[in-house]
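Here the structure comes first, spelled out in structure tokens, and everything after it is commentary.
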Amino acid sequence: SGNFRLRIVNFEMKENHISHETQGLSETQLVVRRGKPFKLTLLFGGRAWNPHTDRVVLLVRLGNLARNIPVLFSDQCSNLHKWSAKVYSRERHAHSVIVHICSPVLSAVGVYELLVQIETLWDKRIYSVGAFALLCNPWLRYDPVYMPQEAQIEEYVKSDFGLVYCGTSANVQSRPWSFGQYEPGVLEACLMLLQISPQHLHDRDGDYISRADPVYLSLVICAMVNCNDDLGILLGRWTNEYHDGVKPTDWTGSADILRLWLLSKFKPVRYGQCWVFASVLCTVMRVLGIPSRVVTVFNAAHDTDANTTIEEYYTTTGEKLNLSKDSIWNFHVWVECWMKRSDLSPEFDGWQVVDPTPQEKSEGIFRCGPCPVAAIQQNCFRVPYDTPFLYASVDGDVRRLIMHNGLVVGEKVDSETVGQLICTKSIGQNSLDDLTNTYKGLKKLQRQNPRCVQYSAQRMVCRATSMLSADVRGEHRPSNSLSSAENYMGQMSPSLEVSLTTEGLPILGKSIRLCVKVTNRSNKARTLRENVSAQLKEYNSNPEKSFWKAQKEVHIQANKDLTLHHNIPYSDYESILAVDSVVNAAVVMQDSMTNESILSAQEFCMSCLPITLEIEGDSVQIKKEKTVHVTFTNQLDRPLSGAVLSVEGSGLLYGKQEARVGLLQPGKKIEKKVSIKAASHGTKLLVATLSHSNNSITVSRSYHKVTVKAT
């Protein structure tokens, strides 16, 4: 008896989260996808619901935008283009009903407030019952982010683990990354990002309306991942000064970055570089339901004047001149997001490049894209956004000019160096997926050496076509040394050829072995002056001073080959090179009679001895302690002094745990046993490093992927 009133609303979170593929995104808030019905159970107090005299209306609010949704008794399917609330006849009871709510397929992404209004003949009452987050729906055919294959959605939306490719095109390395969608606080950070964007602060209602479009969301989020124009997440730095923040190479996942930003009330997190910016963007997009993947471009050009050509200037002795702001980076990392381009013709639907690393401004803001990959491949420079800049990054020509007394005395155009390899992680596998042909025009592909287009093991030994103007860690500036594996500026001698390669895999702690091959195609014996050097490439704009040099006189007979071997002992680089180092080795052969100089160069990454991480027992479960055994065995032929073995793991360990030994003899082990406990499910990363206590140089780093299952 009594008045008809609302007593309880059950959001049916477990069932809705399973139905909407949002399990793990939030333990406290209902998270659903647009265009798909979700259900609520309404429990009434007082008398039973009389449909003839009582009316129940749902109100959904997004800021000042609101919709009234009458609850109707109907067994018909929902209209995907407007809000609806239905009760099926079998789910209607005297004091409770199950209401199926469906949002339009083009609803705005955000957090909606939900109210229930009950009208009787005598009064009207409004109950504020909570809120729900509404995300994009890549499972729904009519959503602009619809992705037809389940395996793709699993990899590009649901997976919280990825590989970021780095190093050089001749020596590709992978770095594991935990995207962390299911970590506590990550969903909240991603949704808050939208609430404090300049677009939202300037025009709340306009921003809410526009948020239905993934193109608009990409524009907003891309700018917000860097902090250059707004209250964004990351501050970039490309020097060695990281004492007031975290070194970019020390990040292993997005969750810590997003939580730091949220807890600090939107102060920029220090510090990021290209792969950190891109990986955080990928996390935000996956959380919001937009399929995304992290993509690496090797030998990526930075075209500052938008002419799609990279100009480089050299003296007649091969020294590079700082006359151009254009540059080529070892590698650069951005994101591809999958969406329909409703602002363009259908041929430009699909993967879009979105690059949050602050390089150049786009329409006055530090962001880049979304740009259709198809527009880059087809050279459609007028297609928005930033197509000429991105085309130059992957397919631009390098125009090298030799200057003498202010005049151009030589010129060569290189159409092969830029965009040597473009790749991402394969679907469902920890292997490389070559995307180069999706970016390159057909003519460019035909012109290039096929082995530089198709990734294969030959990359480990192929000629060093990488420009020597970038650091292993990403987008770094040009050096003042001649930096093409082609010899000096097109002055290659038809009678003398020189190549430089590494012998075997360069491993930290062991001698680096270089091989120089000289071919004399002339009919005369020659006397040559050999100069070989090795330089560390660091974050600064120029390479550091050579840490090793060798020179000698070489005699080579007519029409003969000559092979020269060089060893760089560990003692020569022990205090200089670390796990993340890239080495530029170069040889210059000078003919003592003609003064003709031929240059060959090789750029390579340092590998390291492994650290083993073994977890006791079976799978890792939430809130259950597990023991991890961490071991490093000194496989070198010399002792390691001041060895420090450290273990870290976001979401598994609190802080850093260490073991130390004064002198680690050859064949001996350093071990550490740690206990881990996961607070949430999903993929975590344990990271073990070995360093020298005297100079803090990291000589080994290993990762262990931990999949935490719900109990």
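The values are calculated or read from the model by the stated rules, or taken from the named source; none is laboratory data. Only a predicted model underlies this, so the values are computations on that prediction, with no experimental measurement involved. Using ideal geometry, Cβ is built from the backbone for each residue, glycine included, and neighbour counts are taken over all protein chains shown. The area values use the complete protein model at the heavy-atom level, side chains included, leaving out ligands, DNA and RNA. Shrake-Rupley method; radii C 1.70, N 1.55, O 1.52, S 1.80 Å.
Before moving on, here are some points about what is shown:
- Highest average packing first - 247-257, 277-287, Cβ atoms within 10 Å: 277-287, 247-257
- Computed over the chain, relative contact order equals 9 percent, with contacts defined as Cα pairs under 8 Å that lie 6+ residues apart.
- Under the membrane-span-like helix rule (DSSP H runs whose alpha carbons stretch at least 15 Å along the helix axis, mean Kyte-Doolittle hydropathy 0.5 or higher), the chain yields 214-225, 274-287.
- Mean projection area, nm², convex hull over Cα of the chain: 35.3
- Ellipsoid semi-axes in whole angstrom, largest first, where each is sqrt(5λ) of the Cα gyration tensor of the stretch 319-391: 26, 13, 12
- The protection proxy used here, the mean number of other Cβ atoms lying within 10 Å of each residue, ranks peptides 351-358, 701-708, 387-394, 425-432 as follows, highest first: 351-358, 387-394, 701-708, 425-432.
- The slack in the chain from Asn567 to Leu121, taken as 0.36 nm per residue of separation less the alpha-carbon distance, amounts to 151.2 nm.
- Projected label distance in nm at Leu201 and Asn437, using a 7 Å step from Cα toward the beta-carbon: 4.7
- Accessible-area composition of the chain, carbon plus sulfur, in percent [1.4 Å probe]: 49
- Take the chain with all the other protein chains still there, run a 1.4 Å probe, and you get 41 Å² of accessible area per residue.
- Local charge for Met224 was computed over the other residues whose Cβ lies under 10 Å away, with Lys and Arg +1 and Asp and Glu -1, and equals -1.
- Flagged links, alpha-carbon separation over 24 Å, of Lys624/Lys705; Lys14/Lys340; Lys158/Lys656; Lys672/Lys705; Lys158/Lys626; Lys86/Lys709: Lys14/Lys340; Lys158/Lys656; Lys158/Lys626; Lys86/Lys709
- Arg61 versus Val554: modelled label distance in nm, points set 7 Å from Cα along the beta carbon direction: 7.8
- Entry note, the chain: the mean residue ellipticity at 222 nm calculated from DSSP H runs of n ≥ 4, each adding -39500 (n - 2.57), is -3500 deg cm²/dmol after division by the residues and rounding to the nearest 500.
- Inter-probe distance in nm under a simple model that places probes 7 Å from Cα toward Cβ, at Phe381 and Gln149: 3.4
- Less than 5 angstrom separates the built amide H of Val172 from none of the residues sequence-distant by 5 or more or on a different chain.
- 9 Å beta-carbon shell around Glu155, net charge (K/R +1, D/E -1): +2
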